Amino acid sequence: MPAAPSRTTIDPAQARYNYEAVRSASAFVGANAGWGQTVKLNVTPMIGGVLGDVRGLVPALRLTVAWWKLDLYSESEVVVDLGDPGASFFYQWSELGVSPLGWLRAGLVVQRSRVFQTPLDIQRGLFASVTVGFLTMTLYELNAGWTTPTWVGAVSVSL
């Protein structure tokens with residue numbers, strides 16, 4: 001039988017725009033469970049919804065494994081499109097990062113999106129992230145060397 005989590009918290013709500021789909025907003029809540037001291041594992045099952053060009057329910061799972069200055073972050077979602085069930089899709093975003101300084105994180109990113117009954121789409125690239133106080137700014141570059149690069153900027157606020 002697995003050990004009980006060493007810490008469990010309700011994950012605060014999070015909201016996003018243009019993440020699951022263009023011109024669509026989403027919101028999530030979840031419960032976070034964590035294990036370990038040297039190697040830390042955090043698992044957060046979440047439930048959310050999306051409104052806009054896509055309307056639906058979004059069960060999701062966030063996973064983080066961290067050791068020393070290295071971490072692996074992965075978020076998986078199934079977007080269940082209520083307007084067109086055939087347009088439902090699976091999505092995964094993963095990052096392998098290193099934090100050489102407390103305010104700096106950089107590494108590799110992979111995005112995997114599969115609209116049901118269509119070919120798999122995998123994009124990969126690099127990212128760099130800077131945290132100042134409660135604000136984190138991240139710049140992602142995807143697909144350089146494979147096709148026309150895509151740049152993604154993200155800003156997150158931790159209260």
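Taking the options V58, V50, V80, V54, name whichever one is closer than 17 Å to N18 by Cα, aliphatic (A, V, I, L, M) and not in a strand (DSSP E or B).
Answer to the check: V54.
Let me spell it out: the conditions are (1) within 18 Å of the chain's Cα centre (by Cα); (2) surrounded by fewer than 18 Cβ atoms within 10 Å (Cβ to Cβ); (3) within 21 Å of T138 (Cα to Cα); (4) of a type in the set (A, V, I, L, M), and A33 meets all of them except one. Which number is the exception?
Single failed check for A33: (3).
Residues in region 140-154: is at least one touching a residue at least 12 places away in the same chain (Cβ under 8 Å), under 28 Å from Q37 (Cα atoms) and within 15 Å of the chain's Cα centre (by Cα)? Talk me through it step by step, then tell me what you get.
To start, the set of residues in region 140-154 that are touching a residue at least 12 places away in the same chain (Cβ under 8 Å) comprises 140-144, 146, 149-154.
Of the ones still in play, those that are also under 28 Å from Q37 (Cα atoms) are none.
Within region 140-154, none of the residues are touching a residue at least 12 places away in the same chain (Cβ under 8 Å), under 28 Å from Q37 (Cα atoms) and within 15 Å of the chain's Cα centre (by Cα).
Out of T9, T64, report the one residue that is surrounded by 12 or more Cβ atoms within 10 Å (Cβ to Cβ), at pLDDT below 95, part of a strand (DSSP E or B) and among the β-branched types (V, I, T).
Numbers: T64 fails: at pLDDT below 95.
Answer to the check: T9.
If a residue must be surrounded by fewer than 18 Cβ atoms within 10 Å (Cβ to Cβ) and modelled with pLDDT of 95 or more, how many such residues does region 76-85 contain? Give the steps one after another, and end with the answer.
First, the residues of region 76-85 that are surrounded by fewer than 18 Cβ atoms within 10 Å (Cβ to Cβ): 76, 78, 80, 82-85.
If we keep only those that are modelled with pLDDT of 95 or more as well, we get 76, 78, 80, 82.
Result for region 76-85: 4.
From (1) free of Cβ contacts under 8 Å to residues at least 12 places away in the same chain; (2) under 13 Å from the mean Cα position of the chain (by Cα), pick out the condition that doesn't hold for F28.
Among (1) free of Cβ contacts under 8 Å to residues at least 12 places away in the same chain; (2) under 13 Å from the mean Cα position of the chain (by Cα), the lone unmet condition for F28 is (1).
The values are calculated or read from the model by the stated rules, or taken from the named source; none is laboratory data. Just so it is clear, the model here is predicted, and its values are computed rather than measured. Neighbour counts run over all protein chains shown; Cβ positions are idealised from the backbone, glycine included.
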